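J.: Shown below is the structure under consideration.
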Amino acid sequence: MTVHLLRAADPALRAQALDQLVATLLGDDDRSFALEDHAVPARGDTDATSEGRAAVVAAVVNAASSPPFMTSRRVVVLRNVEDLNADDAAPLVRYLADPLETTALLIVPGGGKLTPTLAKALDAAKAEAVGPGSERTGDVLDERLETAGLRLRPDAKRAVTTRLGEDSGRVGAFVDLLSSTFGDGAVLDADDVAPYLGEAGAVPVYALANAVEAGDVAGALETLERMLTVTSPRQPKPMHPLQVMGLLHNHYRRLARLDDPDVVDERSAVAALGGKVKPYPARKAWEQARALGSDGIREAFTRLHQADIDLKGARAIPEDVVMEVLVARLAGLSARSGRRGGAGSSRGRPAPAKRARR
């Protein structure tokens, strides 16, 4: 394979995967002769002009089109290709129509979509898709622990994945720190790893709805605080309270659509949600809608409405306080519905909810 497309959302995992791939492709060849590494100027850089981008593409195409010198092959890396427009990418597209067999061309997007002409050219060239096997923090942790010869007890693993959240790129350095501290073969519990966890990582957007649904007031407030304050490679800026409000609105709109006597099972729940939701989350949402009932869903929307106008200055309450009160009340509502400790259970059908008269 002469063309490779490397994708990874997390910059640290992307860099690790690229290093591994380059090392594999180089083999015993001298890096100084065989490897050329280029990056498209990122938006905002002083050389992020059409001329600057054209110069990088020209250098890449020239290197990729040249036979190897004193090595068995050339390895040419091009990063940040998502910043190329169709005109910028045209020379690269022409090269991909007939790539040189002795060149391994590595295309590495930094995030975002490729221009359609380049994406089609990569497909036509049968570019090999490469990247991390998984970017889930738990999966990355398992892989790195196995490599390092360490083992975490369940409480320790839970503490790590909860603290790091979606910041799976931090796992490698964290495991290296544990390895240098405790040595190979160590079996660690939560107290052992706690001093090395560092700052809390970003959390996935669904985590807040999950905590609210579980009736976990403390967990929901902690998740909210992380969403509003924590940054990460996947979340460069903290979320704005109105963004979090939008997520909660969407969650309860989904429940409202399922608050219907015609929704009687998992299949009808999927249909009620437009057929674009997988069965498990559809069933889980249906169970919550049944547990809350029409009165509970109506109360949730009342809370959301009040918080929305408060965020827009109705009562001059600080935004963080508005959101904390809202999330605590919504989680408390779920707890009162009897879902505490039973959220997402698949055993049996949920008890019918009392429906309000209309």
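The values are calculated or read from the model by the stated rules, or taken from the named source; none is laboratory data. Source: prediction; values computed, not measured. Because the Cβ atoms are built from the backbone with ideal geometry, glycine has one as well, and the counts that use them run over all protein chains shown. The accessibility values were calculated without ligands, DNA or RNA, using every heavy atom of the protein model including side chains. Shrake-Rupley method; radii C 1.70, N 1.55, O 1.52, S 1.80 Å.
J.: Look through Asp88, Asp37, Asp28 and report the one residue that is out of contact with any strand residue (DSSP E or B) (no Cβ under 6 Å at 6 or more places or on another chain) and open to solvent by 30 Å² or more (accessible area, probe 1.4 Å).
T.: Values: Asp88 fails: open to solvent by 30 Å² or more (accessible area, probe 1.4 Å); Asp37 fails: out of contact with any strand residue (DSSP E or B) (no Cβ under 6 Å at 6 or more places or on another chain).
It is Asp28.
J.: Looking at Asp216, Asp192, which one is buried (at least 17 other Cβ atoms within 10 Å of the Cβ), in contact with a helix residue (DSSP H, G or I) (Cβ under 8 Å, 6 or more places away or on another chain), farther than 30 Å from Gly296 by Cα and acidic (Asp, Glu)?
T.: None of the others qualify; the one that does is Asp192.
J.: Could you count how many residues in the stretch 249-269 are more than 19 Å from Glu299 (Cα to Cα) and crowded, with 20+ Cβ neighbours inside 10 Å?
T.: The total comes to 2.
J.: Hey, which of the helices (runs of 4 or more DSSP H) in the stretch 1-111, taking only ones fully inside, have at least 3 residues that are farther than 30 Å from Ser134 by Cβ and out of contact with any Lys or Arg (no Cβ under 7 Å at 6 or more places or on another chain)?
T.: Because the criterion is at least 3 residues that are farther than 30 Å from Ser134 by Cβ and out of contact with any Lys or Arg (no Cβ under 7 Å at 6 or more places or on another chain), the helices (runs of 4 or more DSSP H) in the stretch 1-111 that meet it are 50-65, 86-96.
J.: Now for a separate question. List, please: which pairs have Cβ atoms under 7 Å, are six or more places apart or on different chains, and start with a residue in the stretch 76-97 that is of a type in the set (Phe, Trp, Tyr) and end with one that is assigned to a helix (DSSP H, G or I) and open to solvent by less than 20 Å² (accessible area, probe 1.4 Å)?
T.: Tyr95/Ala64
J.: Kindly check whether there is at least one residue in the stretch 65-72 that is at pLDDT 90 or above and open to solvent by less than 20 Å² (accessible area, probe 1.4 Å).
T.: No, the conditions are met nowhere in the stretch 65-72.
J.: Let me ask something additional. Just to be sure, is Arg43 touching a residue at least 40 places away in the same chain (Cβ under 8 Å), open to solvent by 60 Å² or more (accessible area, probe 1.4 Å) and touching a Leu at 6+ places or on another chain (Cβ under 9 Å)?
T.: Criteria not met by Arg43.
J.: Being part of a loop (DSSP other than H, G, I, E, B) and closer than 19 Å to Ala15 by Cα is the filter; apply it to the stretch 128-150 and report the residue that is most open to solvent (accessible area, probe 1.4 Å).
T.: Going through the qualifying residues, I end up with Arg136.
J.: Pairs please, first residue from the stretch 307-318 and aliphatic (A, V, I, L, M), second anywhere and modelled with pLDDT under 90 and open to solvent by 60 Å² or more (accessible area, probe 1.4 Å), Cβ atoms under 7 Å, 6+ apart in sequence or on different chains.
T.: none
J.: Another question about this same structure. Among the residues of the stretch 100-117, is there at least one that is β-branched (Val, Ile, Thr), over 22 Å from Thr24 (Cα atoms), at pLDDT 90 or above and open to solvent by less than 30 Å² (accessible area, probe 1.4 Å)?
T.: yes
J.: While we're on this one: Of Leu178, Leu122, which residue is open to solvent by less than 60 Å² (accessible area, probe 1.4 Å), in contact with an Asp or Glu (Cβ under 9 Å, 6 or more places away or on another chain) and in a helix (DSSP H, G or I)?
T.: Leu178
J.: To continue, here is another question. Surrounded by 18 or more Cβ atoms within 10 Å (Cβ to Cβ) and in contact with a Gly (Cβ under 6 Å, 6 or more places away or on another chain): which single residue out of Leu13, Leu78 fits that description?
T.: Working: Leu78 fails: in contact with a Gly (Cβ under 6 Å, 6 or more places away or on another chain).
Matching residue, one of Leu13, Leu78: Leu13.
J.: What are the pairs, 6+ residues apart or on separate chains, where a residue within the stretch 200-226 that is within 20 Å of Asn250 (Cα to Cα) and among the hydrophobic types (A, V, I, L, M, F, W, C) has its Cβ under 6 Å from a residue that is open to solvent by 20 Å² or more (accessible area, probe 1.4 Å) and outside any helix (DSSP H, G or I)?
T.: Partner pairs satisfying both residue conditions: Ala214/Ala343.
J.: Does Val203 fit the bill of being crowded, with 21+ Cβ neighbours inside 10 Å, under 22 Å from Leu224 (Cα atoms) and modelled with pLDDT of 90 or more?
T.: Numbers: crowded, with 21+ Cβ neighbours inside 10 Å: yes; under 22 Å from Leu224 (Cα atoms): yes; modelled with pLDDT of 90 or more: no.
The answer is no for Val203.
J.: Then there's this: Mind checking which residues of the stretch 161-171 are in contact with a helix residue (DSSP H, G or I) (Cβ under 6 Å, 6 or more places away or on another chain) and of a type outside the set (S, T, N, Q)?
T.: Leu164, Gly169, Arg170, Val171
J.: On the given criteria, is Gly332 open to solvent by less than 20 Å² (accessible area, probe 1.4 Å), more than 30 Å from the chain's Cα centre (by Cα), at pLDDT 90 or above and not basic (Lys, Arg)?
T.: Numbers: open to solvent by less than 20 Å² (accessible area, probe 1.4 Å): yes; more than 30 Å from the chain's Cα centre (by Cα): no; at pLDDT 90 or above: yes; not basic (Lys, Arg): yes.
So Gly332 does not fit the description; no.
J.: Arg283: open to solvent by 70 Å² or more (accessible area, probe 1.4 Å), basic (Lys, Arg), out of contact with any strand residue (DSSP E or B) (no Cβ under 6 Å at 6 or more places or on another chain) and closer than 20 Å to Tyr206 by Cα, yes or no?
T.: No: the conditions fail for Arg283.
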